[in-house]
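What follows is a short report on a single structure.
The values are calculated or read from the model by the stated rules, or taken from the named source; none is laboratory data. Here the structure is a predicted model, which is why all the values come from computation and not from measurement. Positions of Cβ are generated from backbone atoms using ideal geometry, with glycine treated the same way; all protein chains shown enter the neighbour counts.
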Amino acid sequence: MNYPIYMDYNATTPCHPAVLQEMLPYFSEHFGNPSSGQHPYGWVAEEAVETAREQVAALIGASAKEIVFTSGATEAINLALRGVVARSKAKGKHLITFATEHKAVLDTLRILENQGCSLTVLPSRPDGSVSLELLEKSITADTILIAGMLANNETGYIHPIRTMAEIARKRGVLFFADAVQAVGKIPVDVRELGVDLLALSGHKMYGPKGVGALFLRKSDPVFGLEAQITGGGQETGRRSGTLNVPGIVGLGKASEIAHQEMDAEAVRLKRLRDSLQHDLLKIDGARSNGSTDSRLPHVCNISFRGIPGKQLLLRINKKLAVSSGSACSSISDKPSHVLLAMGLDSQTALATLRLSLGRRTTRADVERASSHIRETVHKLMERSPSEH
């Protein structure tokens, strides 16, 4: 198949060759169950899991005992949010989050709201930021948790999580960070951020799909959060089920590689991203969404006023694989809830491209992508001059 140029790395990333090589023996030769503690097959598998736990912990500045492996970030998010609510019933039922969060967070919190919790969803400013003053005012004696995204998956905006977590801690409230798009792309240190819980995913940083992790700060009561999957007691009782050893090994190797290469790769990708954005913003009616002062180095989000969004994506994706928003929301033809929360109208939100670059992106890719987008937008403008 003749694939288009790939610029949707926020949706998923290709498995790094070294990650794949590290995983392969655990599908066949080292196939043991890490819970089988009576023979070498189990010992080898358990050792591989614990090595990976240390690699993941090193990437985010945690200790290995604070890492719980899951089937992905969505499970990690559910474990964090539902687990905290289940163990905090006596303290309170109030939860706080933000309008631009990922659906994995928003949908889970809304379900918890239907089950008896109270939920405050704080609005977004046009640049994707939120009011810290409003956040502080929203905390009540009943508040048990604040859930905030470290880096937005659509605009790349990096939130001031450290300050948010400080606000929470002063009021005795736990802070959960969705760091799925940030870990492996920019330095993330859970000690520096001061968060109590943090979710990450393997397939967003050149690891395999189907594996993720949840950080639980050991010094907090949350370390004993209530398990959501029971029946075996794996992961010290926090997440039962036979461990996905090949996936965990892959996540560990991806974490090790990211730790070594992330800084240099960020510099390279920022140059390419800035060049692409500079070219696209020359188009009449183009606008960049989200703050450019605090943003992931590989992401830009560009809207094109006055053209049909569906036609834009259909034509663009013939030569360029991009999205208009979150991959988890692409099954819907509705405009991005993130962009709507930032104040864009529905038509402009639909006529938006999220461009996220990665390891395989070259200067030639950026030049071809820029040319294709400009050509496509100009043709659509010519067809709908009355809307422009």
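Values as computed for the structure displayed
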| quantity | calculated |
| --- | --- |
| Answer residue from the range 310-344, given it is farther than 19 Å from residue 2 by Cα, out of contact with any Leu (no Cβ under 9 Å at 6 or more places or on another chain) and modelled with pLDDT under 95 and is surrounded by the fewest Cβ atoms within 10 Å (Cβ to Cβ) among those | 331 |
| Top-ranked residue in the range 280-305 [being in a loop (DSSP other than H, G, I, E, B) and basic (Lys, Arg); ranked as farthest from the chain's Cα centre (by Cα)] | 282 |
| Checklist (1) under 22 Å from the mean Cα position of the chain (by Cα); (2) on the phi < 0 side of the Ramachandran plot; (3) of a type outside the set (A, V, I, L, M, F, W, C) applied to residue 94, failing item | (1) |
| Residue among 315, 287, 305 that alone is among the charged types (D, E, K, R) and in contact with a Gly (Cβ under 6 Å, 6 or more places away or on another chain) | 305 |
| Residue check for residue 229: of a type in the set (A, V, I, L, M), surrounded by fewer than 19 Cβ atoms within 10 Å (Cβ to Cβ) and closer than 23 Å to residue 357 by Cβ | no |
| Among (1) in contact (Cβ under 8 Å) with a residue 40 or more places away in the chain; (2) in contact with a strand residue (DSSP E or B) (Cβ under 8 Å, 6 or more places away or on another chain), the one test that residue 288 misses | (1) |
| Number of the exception - residue 253 against (1) closer than 25 Å to residue 214 by Cβ; (2) in contact with a Leu (Cβ under 6 Å, 6 or more places away or on another chain) | (2) |
| Members of the range 92-102 found to be surrounded by fewer than 23 Cβ atoms within 10 Å (Cβ to Cβ) and over 17 Å from residue 301 (Cβ atoms), listed by number | 92, 93, 94 |
| Residue 32 being outside any helix (DSSP H, G or I), in the same structural domain as residue 164 (by TED's automatic domain parsing) and farther than 28 Å from residue 176 by Cβ | yes |
| Within the range 47-101, considering residues that are hydroxyl-bearing (Ser, Thr, Tyr) and in a helix (DSSP H, G or I), the one farthest from residue 212 (Cα to Cα) | 51 |
| Elements of type helices (runs of 4 or more DSSP H) in the range 120-211, at least 3 residues being more than 17 Å from the chain's Cα centre (by Cα), at pLDDT 95 or above and surrounded by fewer than 24 Cβ atoms within 10 Å (Cβ to Cβ) | 132-138, 161-170 |
| Residue in the range 358-371 that is of a type outside the set (Val, Ile, Thr) and crowded, with 23+ Cβ neighbours inside 10 Å present | yes |
| Selection status of residue 15, in contact with a Pro (Cβ under 9 Å, 6 or more places away or on another chain) and more than 18 Å from residue 150 (Cβ to Cβ) | yes |
| Matching residues, the range 107-142, being touching a residue at least 40 places away in the same chain (Cβ under 8 Å) and among the hydrophobic types (A, V, I, L, M, F, W, C) | 139, 141 |
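This table checks each residue for (1) in the same structural domain as residue 45 (by TED's automatic domain parsing); (2) modelled with pLDDT under 95; (3) of a type in the set (Gly, Ala, Ser).
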| residue | (1), (2), (3) |
| --- | --- |
| 243 | yes, no, no |
| 250 | yes, no, yes |
| 270 | no, no, no |
| 278 | no, no, no |
| 282 | no, no, no |
| 286 | no, no, yes |
| 292 | no, yes, no |
| 295 | no, no, no |
| 301 | no, no, no |
